[in-house]
1. Could you calculate the contour length gain from R10 to D151, that is, 0.36 nm times the residue separation minus the distance between their Cα atoms, to one decimal place in nm?
2. Taking θ = phi - 60°, what integer Hz values does the Karplus form 6.51 cos²θ - 1.76 cosθ + 1.60 yield along segment 145-152, in sequence order, with x for Gly and Pro?
3. Relative contact order for the chain using alpha-carbon pairs under 8 Å, separation at least 6, rounded to a whole percent?
4. For labels at Y224 and Q254 in the simple 7 Å Cα→Cβ model, what's the distance in nm?
5. Ignoring everything except DSSP H segments at least 4 long, calculate the 222 nm mean residue ellipticity for the chain; use -39,500 (n - 2.57) per segment, divide by total residues, nearest 500.
6. What FRET efficiency comes out for S42 versus D138 if R0 is 22 angstrom and r is the Cβ-Cβ distance? Round to the nearest 0.05.
7. If you average the C-alpha positions of segment 148-224 and of segment 64-94 separately, how far apart do those two centres end up, in angstrom?
8. Rounded to whole Hz and in sequence order, give me ³J(HN,Hα) for segment 96-108 from the Karplus expression 6.51 cos²θ - 1.76 cosθ + 1.60, θ = phi - 60°, writing x for Gly and Pro.
Amino acid sequence: MQASIAQRIRLVRESNDFSGTVVVKDELNSLAELSFGYANRSEQLSNNTLTRYGIASGCKIFTAVAICQLVDSGKLSFDSRLKDCVDFDFSNFDQEVTIHHLLTHTSGIPDYFDEEVMDNFEELWREIPMYHIRKLKDFLPLFQNRPMKFDVGARFSYNNAGYILLGLIVEAVTQQSFAEYVQENIFNKVGMDMSGYFELDALPSNTAQGYIDFSDGTWKTNIYSLPVKGGSDGGAFVTASDMVKFWEALMTHQLLSPTTAQQMLTAHTMVDNDGNFYGYGVWIVKTGDDIVKYHVMGYDPGVSFHSAYYLRKSIKAVVCSNRSSGAYDMMKCIDDEIYSNG
C-alpha cells in the first residue's frame, strides 16, 4: 500500500494543484508523508512536514474532548443544561438545551454562521469587524438574541454557535481561557508541541498563510476573512504529525476514560441515509452496524482540512491545506486506497 498511496497522492496533486501536507500512518509504518506548495507565496517558503496549518472546524473534536474530560472529573454531565453552566443571557433559547444537544448539533439554537442558508463566511464581518473577535464571548452578539431554529433534539443541524457555547462552559467550569485549557490538557499532554490557538496577526514561525484564489489567477491571504483568534468552534493550528499524535492518544485512552471515550465515539445522530453519523465533535461512517472510520474536517477561506482514523487497520490520515479547497480530493484518494486494500 505504501508505494501506491504515495503515487495516488502525487497524481491528485497534479490535478488540483494541492498546497499543504499529507501524512498517512498505520500502527508501525509511515505510508505517506508529503508536502506541496508554499506556506508563504510572497517569500516562496515551501510547506514542509513541520508546517502548522489552520484546521477550521476540524478542531471541534478538541472541544468535545475538553467537555468529556470535565465529565470524567465529575464537574459536568452530558445532561447538564446550558442555563445551569453559564451566566450569559440566552432568554430566547429553550431552557432545556443540554451539553449533549450542543455536542451533537441537535440543540436547535440559532447559529452565527448557518451553513444551511449561508455560503460566504466573510459576510459575517461586514457589521462586526473580524479584528474584534479574540475571545469566545466576542461571538455572542452574533447569535445570542436570535430565536430558536427548531425544537430541542428534533434533528441534526450543523451548528458553530453550539460549540462556542461549549467553549464558554469549559471557561466557566475551569476558570481558564478555552485556549489555555486545551493547550494544557490536550496538546501538552500528548506531545502536540507545535499546535495551538494562534492569532492571525501574531503567527509563530513555520505557520502557513491561508490563501484565497480567484478565477483570474489573483489571490489574497485570509487574514481579513477570519476572526483574529479561533475558538472552540474552529481555528486551531496543528501540524499533520501532531494530529496523528492526537488520534493515537484518543484511541488509547490517554485523554479520556474508556467509558467516556466510548460515549464520545458513539453514533448519536444520523446525518444522512448514506451511513454518515455524528458523535461528540466527530463524524462517524458506518457500514451496517460496523463503524468504518472516525473523521473530522474543516473549511474556511484559505483553509481546507480532513483527518481520519480507520478502525480496521488503525490507520491515521491527515490532510492539511492552506488553500480553500483541495483537501477533499486528497482525502478521497486516501479513502479509495485504504478501502480497496480491505
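1. Working: separation 141, 0.36 × 141 = 50.76 nm, distance 4.68 nm.
Gain on stretching R10 to D151: 46.1 nm.
2. 9, 7, x, 4, 7, 7, 5, 3
3. On the way: 716 pairs, mean separation 89.2, N = 342.
Reported relative contact order: 26 percent.
4. That separation, rounded to one decimal, is 4.2 nm.
5. Numbers: 9 runs with 90 residues, N = 342.
Taken over the chain, the calculation gives -7500 deg cm²/dmol.
6. Plugging the Cβ-Cβ distance into 1/(1 + (r/R0)^6) gives 0.15.
7. Computed from Cα coordinates, the inter-centre distance equals 19 Å.
8. For segment 96-108, the Karplus curve yields 9, 4, 10, 4, 4, 4, 5, 5, 9, 6, 10, 6, x Hz.
All of the numbers you see were taken from the coordinates with simple rules; none came from a lab. Nothing here was measured: the structure is a model prediction, and the numbers come from that model. Neighbour counts are summed over all protein chains in view; Cβ atoms, including those assigned to glycine, are modelled from backbone coordinates with ideal geometry.
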